[in-house]
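Working notes, structure below.
The values are calculated or read from the model by the stated rules, or taken from the named source; none is laboratory data. Note that the coordinates shown come from a computational prediction; the quantities given were computed from them, not determined experimentally. All Cβ positions, glycine included, derive from the backbone under ideal geometry; neighbour counts span all protein chains shown. Side chains included, ligands, DNA and RNA excluded: accessible areas come from the protein's heavy atoms. Shrake-Rupley method; radii C 1.70, N 1.55, O 1.52, S 1.80 Å.
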Amino acid sequence: DDSLFQFLDLFKTQEPVNISFENYLPRNTAFALMLGMSDYTRFNADLNEYLQANFKLQGYIDFNDSLENRYEIDIARQLISFAGKKAALFMTEPTGDAPSGFLMAAVQFTNPQQVQQVSQGYIQAIDKRGEGDSVSFSHNGIPISRVKLGNFLKLIYGNTFEHISNPFYFIKDDVFYFVNDLNAMKLLIEQVNSGNVLAADSGYM
């Protein structure tokens with residue numbers, strides 16, 4: 001219905017972007033929803049307008065405020081300025097009875113080192129309240145951290161990403177991978193680091 005303000009309308013103000021996630025998504029990707037934003041600042045402003053028009057904005061404000069009040073962090077202010085031009089919500093072929101664990105996100109940030117510092121600050125703030133993970137994870141030499149802030153990615157990309165919750169994450173280049181399930185994360189690390197990605201699949205290419 002063209003009379004309605006829909007999520008896809010947020011991209012009318014954006015220029016085409018070469019998303020090029022083939023080198024970052026594993027070969028057994030079952031589906032991927034890829035977003036390309038030439039101007040994330042404009043996208044975020046349009047997202048807030050869209051949420052307000054659909055009577056959802058207050059819920060997002062309350063969620064961000066609850067994180068700030070509980071942990072003294074402000075995702076809306078700290079992470080949005082580093083959002084890059086591409087993001088993907090994807091799922092690999094599940095190997096068990098809980099396919100939601102294989103739902104993942106790959107997000108590009110313009111300053112991965114700074115975002116890593118911000119993320120570690122979040123983790124420390126959560127740990128101070130005794131709500132974090134006491135174990136540091138590592139797989140194949142790759143550090144794995146966990147951000148137990150619920151579905152915070154929706155503050156950056158809207159409720160398209162709301163099912164990524166309390167995710168584990170690791171970093172490759174300027175791309176952060178967020179995964180709900182630790183075992184799925186380990187499999188993802190093995191695939192991406194060994195080059196077993198979509199770009200290596202001639203059928204896909």
Probe 1.4 Å, all protein chains in place: accessible area of Glu190 in Å², nearest 10?
80
What's the extension gain from Ser194 to Asn48 if we count 0.36 nm per residue and subtract their Cα-Cα distance?
48.6 nm
Given +1 on the Cβ of Lys and Arg, -1 on the Cβ of Asp and Glu, and no further charges, what dipole in debye does the range 1-88 carry about its Cα centre, rounded to the nearest 20?
360
Rounded to two decimals, the Rg over Rh value of the chain from Cα coordinates and the Kirkwood Rh reads 0.96
Multiply the residue separation of Asn159 and Glu22 by 0.36 nm, subtract the distance between their alpha-carbon atoms, and state the gained length in nm to one decimal.
46.9 nm
Divide by every residue of the chain the summed helix terms, -39500 (n - 2.57) for each DSSP H run of at least 4, and state the resulting mean residue ellipticity at 222 nm, rounded to the nearest 500 deg cm²/dmol.
-9500 deg cm²/dmol
So how strong a dipole does the range 54-205 carry about its Cα centre when Lys and Arg Cβ are +1 and Asp and Glu Cβ are -1, to the nearest 20 debye?
240
Could you look at the range 1-42 and say what percent of its accessible area is carbon and sulfur, using a 1.4 Å probe and all protein chains?
49
For the charge dipole of the chain, defined by +1 on Lys and Arg C-beta atoms and -1 on Asp and Glu C-beta atoms about the Cα centroid, which residue among Phe43, Leu10, Phe137 has the Cα displaced farthest towards the positive pole?
Phe137
Put Ile171, Ile75 in order of accessible area, largest first, probe 1.4 Å, and you get Ile171, Ile75
Just subtract the alpha-carbon distance of Asp201 and Asn151 from 0.36 nm times their residue separation and send over the number in nm, one decimal.
14.8 nm
For the cross-link pairs Lys86/Lys172; Lys85/Lys186; Lys85/Lys172; Lys128/Lys172; Lys12/Lys85; Lys85/Lys154, which exceed 21 Å when the distance is taken from alpha carbon to alpha carbon?
Lys85/Lys186; Lys128/Lys172
Any idea which of Gly203, Phe109, Thr160 is furthest toward the positive side of the dipole for the chain, if Lys and Arg beta-carbons carry +1 and Asp and Glu beta-carbons -1?
Phe109
